[in-house]
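First up is the structure itself, then whatever we jot down about it.
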Amino acid sequence: MSKKSDLEDRKVGKDLYSYQKGAISKIFKRFEEAPDDYHLLYQLPTGGGKTVIFSEIVRQYLKHHNKKVLVMTHRIELCKQTSAVLTEFGVVNKVVDSKANLSDQGEYSCFVAMVETLNNRLNDDKLDISDIGLVIIDEAHYNSFTKLFKFFSKSFILGVTATPLSSNIELPMTDNYDELIVGESIESLIQNGFLARAEMFTYNVGLTSLVVGANGDYTVKSSEDLYTDNDMLTKLLNAYEERSKGKKTLIFNNGINTSLHVYDTFRAAGYPIAHLDNTNTKKERALILKWFKKTPDAILTSVSILTTGFDEPTVESIILNRATKSLTLYYQMIGRGSRILKNKKTFDVIDLGNNFHRFGPWGDNLDWQRIFRSPNYYLDSLLSDEELESNFRYEMPDELRAEFSKSEDVTFNVHETYVDSIRNGESSKVVLERSIAQHAKICIENSEDVYDALALAKKLGDDIDFRINRYTKCISKSTFNFVEWLKGEYRKKLNAYLRANFDEIFESIHGYAPKD
C-alpha cells in the first residue's frame with residue numbers, strides 16, 4: 001500500500017502566481033506530447049519560486065499518474081528544504097540520505113535525495129527505481145547529476161535552474177537536455193513586485209594576477225593573494241562605509257583565508273560581523289544565521305556556502321569581494337539580496353571583482369535559449385581581464401571628489417597620452433610628466449597655499465596607483481618591484497613639482513599671486 005496522505009488530494013502549500021501556473025501548464029503539456037525519456041530544462045530566476053513550481057508538479061503528477069517521483073539536489077541543506085516544501089504541498093516524501101532506512105521504501109511515492117548519496121545507493125542496488133516516472137533535478141547546471149542519467153533511461157527528467165549554463169564548459173547542458181523552457185525574466189519579476197531591484201556599484205580592480213584553474217574559474221590561491229592584500233581590504237572597507245554602512249550585508253569571498261581577513265578587518269573597525277564557511281558545525285551555522293537574521297546592521301562574510309539554499313529577505317546589501325568567470329555564480333550571489341519585503345524594493349550590490357563589466361547588470365536581457373544551444377559562443381564573447389581593464393577609468397569617490405570641486409575634470413587618459421607620445425616620436429616618460437602636471441594643477445586649483453596642495457596630493461594614492469598600473473601595461477614592464485618603485489617615485493616627483501611650481505600655476509589660474 002502506498003504511503004499517501006489525504007493531503008495529496010488538495011494543495012496545502014503556497015498560492016501560485018499566474019506565471020507559476022503558466023509554467024506548470026507548459027511543463028505538463030510536454031509530459032503529454034513528449035516520449036517517456038524526454039529531458040526538459042526549465043529556467044527561472046532565483047527568487048521566482050522554482051521549488052514551489054516543481055512541488056506542485058509533483059503533487060499533480062502523483063495524483064494523475066500511477067508512478068513515483070524522485071527529486072535530486074546537490075547539497076544536504078537543499079535536500080531538507082525541498083522535503084519540507086513538498087510536505088507543505090501535501091506530498092509525503094522520504095529523504096534518502098546516508099542514514100536512511102530503506103526497508104519501507106515501498107510505502108512512498110516520492111523520494112528526495114542528494115546526488116552522491118543516491119549514486120551510492122543505486123550502485124549498491126539498495127533503492128528500487130523501477131517505478132520512477134518523473135525525475136526532478138534542482139540546480140541542474142551542476143554536472144554531478146549527469147552520471148545518474150543512465151539509471152533513468154525510461155523516466156521523464158525535468159531539470160530546473162536559474163542559469164541554463166553548465167558549470168563545466170566541457171559538458172554543455174544541451175548534450176543532456178532536449179529542450180529549454182524559459183520562465184519569467186528578472187525584469188518582469190521586479191516590475192510585478194516579486195523581486196527587489198539591484199542597485200549596482202562597481203569598483204575597478206586589477207585582476208591580471210589571477211590564475212584560472214582546471215574548473216574554468218579563478219583559483220582560490222591566486223584570489224587570496226589578491227584579496228588579502230592590505231590595499232584590497234582597505235578598498236573593501238571603504239566601499240562598505242561609502243555604500244552599505246548600517247545595512248544588513250552579505251560578503252562573498254573566494255577562499256576561507258580571505259573571509260577571515262575580512263572578518264578581522266571589519267571587527268577591528270568596530271562593525272558587527274561574523275564569518276561562516278563549510279568547516280562550521282551545524283550548531284555554529286544555526287547560531288550565526290540566527291544572529292544575522294535578528295541583527296539589523298549585521299555583516300556576514302562567507303565562502304560560497306550561502307550561494308544556494310539560503311533565503312534571508314532582510315539582506316540589504318551584497319558585496320562581491322571576489323571575481324568569477326561563472327555567470328551562474330554571479331547570478332546566485334546577487335540573488336541572495338533579491339527577496340522583497342514591504343519596506344524593501346531595492347538592494348545594493350558592491351562589485352569588487354569586475355563582474356559587472358564582464359557579465360553586465362543583474363537582470364540583463366540575456367538570450368537564455370542561445371546560451372543553452374551555443375554556450376561556447378556566449379563564453380567566447382566575454383571579455384578577458386586584460387580587455388576589461390583596458391576600458392577602465394579611475395572614478396574618484398564622491399567624498400574625495402568634493403575636495404576637488406573647483407576642478408571641472410579630474411581625469412587623465414594614460415593610454416591615450418601614451419599613444420600620442422609614441423606617434424609624436426617622444427619618450428614614454430612624458431606620459432608620467434604630463435600626468436604629474438595634471439595632478440598638480442587640480443591640487444593647486446583647490447588650495448590656498450602649497451601646504452593645502454601637498455595635503456590634497458596625499459589623497460590621490462588610488463588614482464596614482466591606477467595611472468602607474470596603466471602606464472606599466474602600456475610599456476609592457478610590470479614586475480612587482482618596478483611598479484612599486486615607480487609609484488614611490490611618482491609621489492616624490494609630484495610633491496617636488498608642487499613645491500617648485502605652486503606660485504606660478506596658482507597665479508595663472510586665479511590671476512593673482514597666492515597670499516604669504
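Quick note: the coordinates plus some simple rules give every number you see, no bench work behind them. Given the structure is predicted, the values throughout are model-derived calculations rather than measurements. Cβ coordinates were reconstructed from backbone atoms using ideal geometry, including for glycine residues, and neighbour counts include every protein chain displayed.
Looking only at residues in the stretch 375-401 that are polar (S, T, N, Q) and in contact (Cβ under 8 Å) with a residue 24 or more places away in the chain, the one that is nearest to residue 182 (Cα to Cα) is 376. Among the helices (runs of 4 or more DSSP H) confined to the stretch 214-302, the ones with at least 2 residues that are surrounded by 14 or more Cβ atoms within 10 Å (Cβ to Cβ) and of a type in the set (Gly, Ala, Ser) are located at 220-227.
Count of the stretch 165-191 residues, restricted to those that are assigned to a loop (DSSP other than H, G, I, E, B), polar (S, T, N, Q) and closer than 19 Å to residue 334 by Cα, is 3.
Being of a type outside the set (A, V, I, L, M), assigned to a helix (DSSP H, G or I) and touching a Cys at 6+ places or on another chain (Cβ under 6 Å) is a description that does not apply to residue 378. Whenever a residue of the stretch 209-223 is without any contact (Cβ under 8 Å) to a residue 60 or more places away in the chain, its partners that are in a strand (DSSP E or B) and not β-branched (Val, Ile, Thr), lying with C-beta atoms within less than 8 angstrom and at least six residues away or across chains, give the pairs 211/218. Please verify whether residue 358 is within 16 Å of residue 203 (Cβ to Cβ), in a helix (DSSP H, G or I) and in contact with a Leu (Cβ under 8 Å, 6 or more places away or on another chain), treating the condition exactly as stated. So residue 358 passes the test. Residues that are touching a residue at least 40 places away in the same chain (Cβ under 8 Å) and surrounded by fewer than 21 Cβ atoms within 10 Å (Cβ to Cβ) number at least 2 in the following helices (runs of 4 or more DSSP H) confined to the stretch 44-124: 76-88.
One residue stands out in the stretch 455-495 among those that are under 32 Å from the mean Cα position of the chain (by Cα) and assigned to a loop (DSSP other than H, G, I, E, B): the one that is surrounded by the fewest Cβ atoms within 10 Å (Cβ to Cβ), namely 476.
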